Amino acid sequence: MTLDMIKTPDTPACATALEVATAYCSPALLNHSVRAHVWAAAYGTAQGIDFDPELLYVSALLHDIGLTPEFDSHTVGFDHAGGHVAWVFAAGAGWPAARRQRLADVIVAHMANDVDVRTDPEGFLLERSTSLDISGRYTDDFSAAFKAEVLARHPRLGIAEEFLGCFRDQAERKPTSSAAAAMRGGIGERVLTNALDA
């Protein structure tokens, strides 16, 4: 598999999701979101998982929007905040209510410990891809050549330190959030020892 085999779905919602992510995410967070899509779509394709390409792309591009200052919520964790932002985004895109909710659910699911691929293929793929990119799980899913190609086109730009800073802040302000649970579970060490940063 090569990076050029992973295509962005040609829909207005996908183009606008990239525009929104570019406007609000830092360069490191934007590249992380793009890589999350690449890892997810590549793994799903290789494994023959039946997923919705548009839903996966939009959820990948917006999954961390709740970490940005403009969309950080003082009441809920970043994953739930991102789900709410994505629901509003999808309403503006003209998606029906059920599809808007699916998008929000996929974004929330990316922080779950285990997502059932049979009932939520997009959530499963996003959880797997973000875990790979942030904490180094599942790095054996791809060849060294493919990983090098992805990182050359979408470099990490210090995402480990930036991401940990965001999670520490979330955990301090929102002790019942998924970010706080991840910090208590030792994500910090895994992020700093991610082989993708080697």
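Side notes on the structure shown:
- Look at the range 136-160: where a residue is aromatic (Phe, Trp, Tyr) and a partner is at pLDDT 95 or above, sitting 6+ places away or on another chain with Cβ atoms under 7 Å, you get 138/128; 138/131; 138/132; 142/42.
- Members of the range 85-96 found to be more than 15 Å from the chain's Cα centre (by Cα) and either in contact (Cβ under 8 Å) with a residue 40 or more places away in the chain or assigned to a helix (DSSP H, G or I) (or both), listed by number: 87, 88, 89, 90, 91, 92, 93, 95
- Subset of the range 142-189 (residues that are among the polar types (S, T, N, Q) and on the phi > 0 side of the Ramachandran plot): none
- Meets criteria (of a type in the set (Asp, Glu) and either surrounded by 22 or more Cβ atoms within 10 Å (Cβ to Cβ) or at pLDDT 95 or above (or both)) for residue 114: no
- Among residues of the range 181-198 that are farther than 18 Å from residue 31 by Cα, those with a beta-carbon under 8 Å from a residue that is part of a loop (DSSP other than H, G, I, E, B) at least six positions away or on a different chain give the pairs 182/111; 190/136; 190/137; 193/136.
The values are calculated or read from the model by the stated rules, or taken from the named source; none is laboratory data. It should be emphasised that the depicted structure is a prediction, and the values quoted were computed from it without experimental measurement. Virtual Cβ from ideal backbone geometry, glycine too; neighbours counted across all protein chains shown.
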